[in-house]
1. Among the residues of the range 415-451 satisfying the criterion of being assigned to a loop (DSSP other than H, G, I, E, B) and within 17 Å of Asn509 (Cα to Cα), which is nearest to ligand 1 (Cβ to nearest atom)?
2. Condition (residue is within 17 Å of the chain's Cα centre (by Cα) and away from ligand 2 (no atom under 16 Å from the Cβ)) applied to the range 119-126: is it met by at least one residue?
3. Restricting the range 647-668 to residues that are within 15 Å of Glu600 (Cα to Cα) and surrounded by 15 or more Cβ atoms within 10 Å (Cβ to Cβ), which is nearest to ligand 1 (Cβ to nearest atom)?
4. Among the residues of the range 187-236 satisfying the criterion of being in contact with a Lys or Arg (Cβ under 8 Å, 6 or more places away or on another chain), among the polar types (S, T, N, Q) and away from ligand 1 (no atom under 16 Å from the Cβ), which is farthest from Asp246 (Cα to Cα)?
5. Can you report the number of residues in the range 352-378 which are among the aliphatic types (A, V, I, L, M), in a loop (DSSP other than H, G, I, E, B) and either within 11 Å of ligand 1 (Cβ to nearest atom) or in contact with a strand residue (DSSP E or B) (Cβ under 7 Å, 6 or more places away or on another chain) (or both)?
6. Of the conditions (1) at positive phi; (2) within 14 Å of ligand 2 (Cβ to nearest atom), Gly580 fails just one. Which one is it?
7. As an exercise: evaluate Gly651 against (1) touching a residue at least 40 places away in the same chain (Cβ under 8 Å); (2) more than 16 Å from ligand 2 (Cβ to nearest atom) and give the number of the one condition it does not meet.
8. Looking only at the range 137-172, count how many residues are in contact with a Leu (Cβ under 8 Å, 6 or more places away or on another chain) and within 12 Å of ligand 1 (Cβ to nearest atom).
Amino acid sequence: MTRVKAGMVLALAAGLMATSAGFAQQPEGKSRRRRVEEKPLELTPAQVTELTKVANERKLKVEDLFAAAKTYTPSGVMDEYVLFSSGGQSGQVFAIGVPSMRLLRSIAVFTPESWQGYGFAGDNDPVRAQMRINGRDVTWGDTHHPALSETGGDYDGQFLFIGDKANARMGVVDLRDWETKQIVKNPLTVSDHGAAFVTPNTEYVVESGQYATVLGYGYATPDKYKESYRGMVTFWKFDRAKGRVDTSASFAMELPPYWQDLADAGKGPSDGLVFINSFNVEMATGGVEKGKPPFEAGASQRDTDYLHIIDWKKAEAAFKAGKAEKINGFPVLSLATSVAEGLLFFTPEPKSPHGVDVTPNGQYAIVAGKLDPHVTVFSTAKIRDAIANQKFSGKDEFGVNVLAFDAVKEAQVELGLGPLHTQFDDKGYAYTSLFLDSAVARWSLGGEYASKHPEKPWTLVTKTPVHYNIGHLCAAEGDTVSPDGKYLIAMNKWSVDRFLTTGPLLPQNFQLVDISSGGTTMPVLYDMPVGVGEPHYCQMIKADKLKSWAVYPEVGWNPHTQSLDPNSPKQGKEGVIRDGSQVIVNMTAIRSHFTPEHVEVNEGDHVTWRIVAVERTQDATHGFCIGGYNINLSLEPGEYQEFSFVADRPGTYPIYCTEFCSALHLEMMGYLHVKPANAVGSK
Ligand code: CUK
Ligand code: CUA
């Protein structure tokens, strides 16, 4: 009787497995994606009446119905774009589909995340090892600026970089499997801001600093600010073939102790230059506790700060010629070298700027000053000319040549209060976020863009109110050489009156804005609450540029090395190998069991556990956890993981699969038996 029942269960399970495997093994093109109807939609009078009734019951307006039609994405229909957003203090990156504004995934970068098995692989977890700074675990990050890798100034969909403002780190995500492969820590500075920005072929990933400090973890009191504190910019060399930053080929430049802010790389005619904003050229040192003016006042006294213009190709040549000095083991081009070699120039920019953004054609750099209602447009050709012909208005206190403002300025456009960041579309418009106005401004570019739109060049065209206090904005491929237009995301800081109350802590609000038509039409289509961290910047890439793996290329794939791992256990060769107190466990995972199911070790053993998911179907992901030992893995099809720990707590531990992988998922378990040292018969 029980035998019959067990047999039935197994037959049922086999059937379930076969069905699900059958689905996943369908050739491409026969997937379960929804078929698009070929007949154009026509509403019958009865359907119009019904639709109107539904709309009236929900108090929807006509524009709401249009917004819904433009964003609603039926089940099985894929989004057109993927938005990669910084996850702010969560330390992560969020991937969001556009126009649906559905959260597709988070990607763990600076913060351990158990679902992804990120940072929960025992004592020698390579992820955890990268999270150590000066011997201390730093398991969070303040992510601000993601940067997709570029080829020829266009997103190529291969890699994503993201900066951690709090700890001056940068994460490297491989977009084949959407996993973080590397975290690099800047050895010069504690925190930064202008990371990550790439040069047009991702030769370098640029990280500019923010709050000046004594480079290399030095110490000095505020009265030594001007002599001892310094800013910096670091050029991280990216090795595309390895998918890693090559720290040995990277270098930095010493900068004055102004607070450097955002960076952007030139492109086209300005390729080879990097632009960085700064504020606090006053070099205010605060000290309200001693009756001195606070930083906010001290740092805002002058009418202008300095836009930094760096010739990174010349700087690279100077570094390669051995002109850098080592600080904390890292090569740094000194200010004196930068001045002597003509690597660094300044030009005045209106008071306390924030964003600097280069136009798609590379001819202009646009700076927005948060305390100035204008955006200032600098001509990159005029900058090159002013450098070549020494059109200087003077030097700063550190001997850096200052290009005359009138020699490099192209235009100033009054937009409104608190302009921060600028993006571009395909119609010759720029879009600037207005923090204090809570609006997105559309304005017309000049030069060769003037023929693309009917408006007068360099003028405000329209503003769309957003909710609320917009920081960054992001248009579709809107910071590349060929923006798509169509969609824009307003990344609003708060969501007052937009959603149900979630306690005193408000979600942020991403609003999808339709920028497909020019002129004064620019409606908001959708609100998306973001209840994790405070995102800053995001980038939107055409979904078909991403060539992500559906499963790992081969069984036994190590995602840390992105290669087949020779240590990956083979099916039929599973088991436990002991050498003294060193134990190696070779385990396979397949729907719906682990092999072996019982693992016996002795208290105090050092256990190295090797586990591979022997699966090729896309939806056959397993997890693996050991409760109480802080271990959880995600084992995607083909994935191999190795972890180690000391079995210092005796007991019998159920181990189980943490992903609901099949009808018999609950049965996908086993036991780790840690035999007490004093047990009878123990060695
Ligand atoms: S920053 Cu946050 S709104 Cu870090 Cu780019 Cu401007
Ligand atoms: Cu494997 Cu659940």
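The values are calculated or read from the model by the stated rules, or taken from the named source; none is laboratory data. In this text, all values refer to a predicted model and were calculated from it rather than measured experimentally. Note that we place each Cβ from the backbone using ideal geometry, even for glycine, and neighbour counts take in every protein chain shown.
1. Result: Phe435.
2. Looking for residues that are within 17 Å of the chain's Cα centre (by Cα) and away from ligand 2 (no atom under 16 Å from the Cβ), one finds none in the range 119-126, hence no.
3. The qualifying residue nearest to ligand 1 (Cβ to nearest atom) is Ile655.
4. Thr213
5. Matching residues across the range 352-378 total 0.
6. Failing condition for Gly580: (2).
7. For Gly651, the exception is condition (1).
8. 3
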